[in-house]
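Trainee: I have a structure here, written as structure tokens, and I will follow up with some questions on it.
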Amino acid sequence: NGSVSVCDGQIESGASQKREERLRKFRELHFKRNEARKLNHKEVVEEDKRLKLPTNWEAKKARLEWELMTDEKKKECAAKGEDYDRVKLLEISAEDAERWERKKKKKNPDPGFSGYAEAQLRQYQRLTKQIKPDMDGYERQREQCGEDFHPTSNSLIHGTHVPSKEGIDRMVEDVEKQIEKRAKYSRRRAYNDDADIDYINERNAKFNKKAERFYGKYTAEIKQNLERGTAV
């Protein structure tokens, strides 16, 4: 009887241990489920907030953060007595500088005509980029003019400057390039004085040209007979 009671006690203790183990696992699963539910609810709330934001919110946010960081950097440089532009250039790597330079080269330098002011500005920028300072000529002109090199209200040097042959050649070459470029942009057709006048206005002339292009080879004989007066 004693041995039987010992065995019964061992069986009961083993069963209780298994029950406690199952309860522990059940509590862990319950805890994980609650955590997952909280995280899912949090993600749903965040996603709902993101969907209600404007479409370009991320770009605006990044722009605002960059502006705040730039303002803080400027304040730090001002406090230290440093030049912000120079400090910024020192922080740019060679790879970033090369990449930005390639982007500049890829941009279309001539976006087309948008207004006379913009066209004049592009012309001015193009001409200034072509300028190559002639320091020798500068020094010679400075010696020739003397004090009048930096004129005042009492200086009389108007009309005394004579441009060099190289400068005149450059101007002529540039004017010829402009004329050639304008000729390429022009879509006006040259007028032929010897062509037959078979139209009554500009619109009728365009229609006749289209008709001649598509049906000219089929109606050439009829047209010749009509001109000779031998049409049947």
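The values are calculated or read from the model by the stated rules, or taken from the named source; none is laboratory data. If you're wondering where the values come from, they're calculated on a predicted model, not measured in any experiment. Here Cβ is always computed from backbone atoms with ideal geometry, including for glycine, and neighbour counts include all displayed protein chains. Quick note on the areas: whole protein, heavy atoms, side chains included, nothing else; ligands and nucleic acids left out. Shrake-Rupley method; radii C 1.70, N 1.55, O 1.52, S 1.80 Å.
Trainee: Can you tell me which residue among Asn204, Asn192 is surrounded by 10 or more Cβ atoms within 10 Å (Cβ to Cβ) and either farther than 30 Å from Leu127 by Cβ or at pLDDT below 80 (or both)?
Mentor: Just one listed residue meets the conditions, Asn204.
Trainee: Let me ask something additional. Which one of these does Glu180 not meet: (1) surrounded by 10 or more Cβ atoms within 10 Å (Cβ to Cβ); (2) at pLDDT 85 or above; (3) within 30 Å of Ala119 (Cα to Cα); (4) of a type in the set (D, E, K, R)?
Mentor: The one condition Glu180 does not meet is (1).
Trainee: Among Glu147, Glu173, which is at pLDDT below 80, open to solvent by 70 Å² or more (accessible area, probe 1.4 Å) and not aliphatic (A, V, I, L, M)?
Mentor: Going through Glu147, Glu173 in turn, just one is at pLDDT below 80, open to solvent by 70 Å² or more (accessible area, probe 1.4 Å) and not aliphatic (A, V, I, L, M): Glu147.
Trainee: Moving to a separate point now. Let me confirm something: among Lys75, Lys42, Lys52, Lys32, which residue is more than 26 Å from the chain's Cα centre (by Cα), on the phi < 0 side of the Ramachandran plot and exposed (fewer than 10 other Cβ atoms within 10 Å of the Cβ)?
Mentor: Lys52
Trainee: In this structure, is Ser114 closer than 30 Å to Arg182 by Cα, surrounded by fewer than 10 Cβ atoms within 10 Å (Cβ to Cβ) and out of contact with any Ser or Thr (no Cβ under 8 Å at 6 or more places or on another chain)?
Mentor: yes
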